[in-house]
Amino acid sequence: MNVGIDQISFHVPNFYVDMVDLANARNVDPNKFLIGIGQEKMAVNPKSQDIITFATNAAKQILTDDDLNKIDLIIVGTESSIDESKAAAVVLHRLLDIQPFARSFEVKEACYAGTAGLQMALNHVRLHPDKKALVIATDIAKYGLNSGGEPTQGAGAVAILVAANPKILVIHEESLALTQDIYDFWRPTNQAYPLVDGPLSNETYIQSFNQVWNTYNQQFNQQISDYQALLFHIPYTKMGKKALQSVLPTADQITQERLLQHYEDSIQYSRQVGNLYTGSLYLGLISLLENSQDLKTTQKIGLFSYGSGAVAEFFTASLVNGYQEHLHHSLHQNLLNERKRLSIEEYEKMFEDSLDVNVDQEFSDTYPYSIQSIHNTIRQYRK
């Protein structure tokens, strides 16, 4: 029985910063951002939008009434949790009007959490093929104004509907995960911004990819020419390319050109959005599917998921005939094109205007599913 992605979509806030504007404001050569890290725009959210509003907006546009009745598992993967106890998935369950007899929870392991949720959902549907599962990867990546990580910030969510006999992508059961206790990136409880050892993080990312890539291919008798595309967790678009380039010398020229071209297809949306943390790998998947013109159903797509700290996983998938009919290309293009470009002054003001849940307040933001009010520390969402 085939199980995989039946529907997939993303949502980002309706504001962004142009990276040339940011570079000029920080007295940096714009090419350091445009070419050096490979970013063009960075999604920014007001305090009235959070991981639940992103998640709900991403999921709402792909779910039918039949889906809402068949979903009995909702998993949110995030490292931007808004509550130390209650899972964002519980609120999401209500906002989406999913049938009541469903299991809802939240998982965490840095940027790997979305994949952890996806693998749990796949196993659930394999055991219960008449049911469906909803996985949401939703995050806000913030490092602070004038910080080294500032140009790699971002915000948004990816929603994935998992089902038997999927319409878009069959995910294979074979996978390989790697866990290492490494402090390359971490955020202690109650600390606003993460701590990052940049060189160690880059080194661990590539080393982890090479370990799972080599071992997976040895265990399952695969070689680089078997893949039509390799997708990566994308904290910034040059990072994934460095990992890809580390294995390209083992490929023939045709394979190298194919993998490089498909990598460029997979980062088109990330260039416009920035880092989605748990959702970045799957934003890359959407970008590949919606922007590549020569994908085949006969060759595998490889996916590398990475979460600092560190957990990595490599797994594969195959496209379903007619998958193009179930994508949301126009919706995503309109979402990106209709955003407002912030001046640096507007961006910095929005960045520093943080949400204080200890103060009762009302919000005028009418954006779908935005926060309507705070009362007694509880967020009420505009439905």
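Might you report the magnitude of the Cβ-based charge dipole of the chain about its Cα centre, with Lys and Arg at +1 and Asp and Glu at -1, to the nearest 20 debye? Write down the numbers at each step before the final one.
Numbers: 30 positive and 44 negative charges, 70 e Å.
It works out to roughly 340 debye.
Within the chain, antiparallel bridges make up roughly 70 percent of the DSSP beta bridges whose residues both belong there.
Taking label points 7 Å from Cα along the Cα-to-Cβ direction, Q253 and Y193 give a separation of 4.7 nm. Listed values for the stretch 288-302 are Karplus-derived 3J(HN,Hα) couplings in whole Hz (6.51 cos²θ - 1.76 cosθ + 1.60, θ = phi - 60°), namely 4, 5, 8, 10, 8, 9, 10, 6, 10, 7, 9, 10, 7, 10, x, and x replaces Gly and Pro. If you take all other residues with their beta carbon under 11 Å from the beta carbon of P166, and give Lys and Arg +1 and Asp and Glu -1, the sum is +1. Database remark: amide H of Q372 closer than 5 angstrom to the amide H of Q380, Y381, R382 (H placed geometrically; neighbours at sequence offset of 5 or more, or on other chains; Pro and chain starts carry no H). Here the extension length gained between L145 and R126 equals 2.3 nm, from 0.36 nm per residue of separation less the Cα-Cα distance.
Of all the options I98, I82, I301, the one that moves most in a Gaussian network model of the chain with Cα springs shorter than 10 angstrom is I82.
In the chain, the DSSP-assigned H stretches of four residues or longer account for a calculated mean residue ellipticity at 222 nm of -10000 deg cm²/dmol, using -39500 (n - 2.57) per stretch and the full residue count as denominator. Normalising by residue count, the chain has a Cα convex hull of 134 Å³ per residue.
Determine the share of the chain's accessible area contributed by carbon and sulfur atoms, expressed in whole percent, with a 1.4 angstrom probe.
Working: 7440 of 15930 Å².
Carbon with sulfur: 47 percent of the solvent-accessible area.
H326 exposes around 50 Å² of accessible area when a 1.4 Å probe is run over every protein chain in place. Label separation (I82 vs L34): 3.7 nm, computed from points 7 Å beyond Cα along the C-beta direction. Electrostatic tally near R187: other residues with Cβ closer than 15 Å to its Cβ, Lys and Arg +1, Asp and Glu -1, net -4.
Using per-residue counts of other Cβ atoms within 10 Å, averaged over each peptide, order 311-322, 135-146 from highest down. Intermediate results must be reported in sequence, preceding the final value.
Numbers: 311-322: 19.3, 135-146: 23.3.
Put in order of decreasing packing, that is 135-146, 311-322.
Mind checking which lysines have their C-alpha under 30 Å from K340, skipping anything on the same chain fewer than 8 residues away? Of all the lysines, those that pass the test against K340 - Cα under 30 Å, at least 8 places apart if same chain - are K32, K41, K47, K60, K142, K238, K241, K349, K383.
Please compute the per residue accessible area over the stretch 233-383 with all protein chains in place, 1.4 Å probe, rounded to a whole number of Å². Show your work: numbers first, answer last.
Numbers: 6680 Å² over 151 residues.
Per-residue accessible area for the stretch 233-383 comes out at 44 Å².
Close amide-amide hydrogen proximity is noted between F304 and L231, F232, H233, each under 5 Å apart and 5 or more residues distant or on a separate chain (H modeled in the peptide plane; Pro and chain starts excluded). Within straight-line reach of K132, meaning a Cα separation under 18 Å, sit the following aspartates and glutamates at least 8 residues removed in sequence or on another chain: D6, D65, D66, D67, D72, D97, E106, E173. When the Gaussian network model of the chain links Cα atoms closer than 10 Å, the mean-square fluctuations of S225, S305, S266 top out at S225. Using a probe of 1.4 angstrom and keeping all protein chains present, the accessible surface of the stretch 11-61 works out to 32 square angstrom per residue.
The values are calculated or read from the model by the stated rules, or taken from the named source; none is laboratory data. Just so we're clear, the structure is a prediction, and the values are computed from it rather than from any experiment. Methodologically, a virtual Cβ is constructed for each residue, glycine included, from the backbone with ideal geometry; neighbour enumeration extends over all protein chains shown. These accessible areas exclude ligands, DNA and RNA; they are computed on the full protein's heavy atoms, side chains included. Shrake-Rupley method; radii C 1.70, N 1.55, O 1.52, S 1.80 Å.
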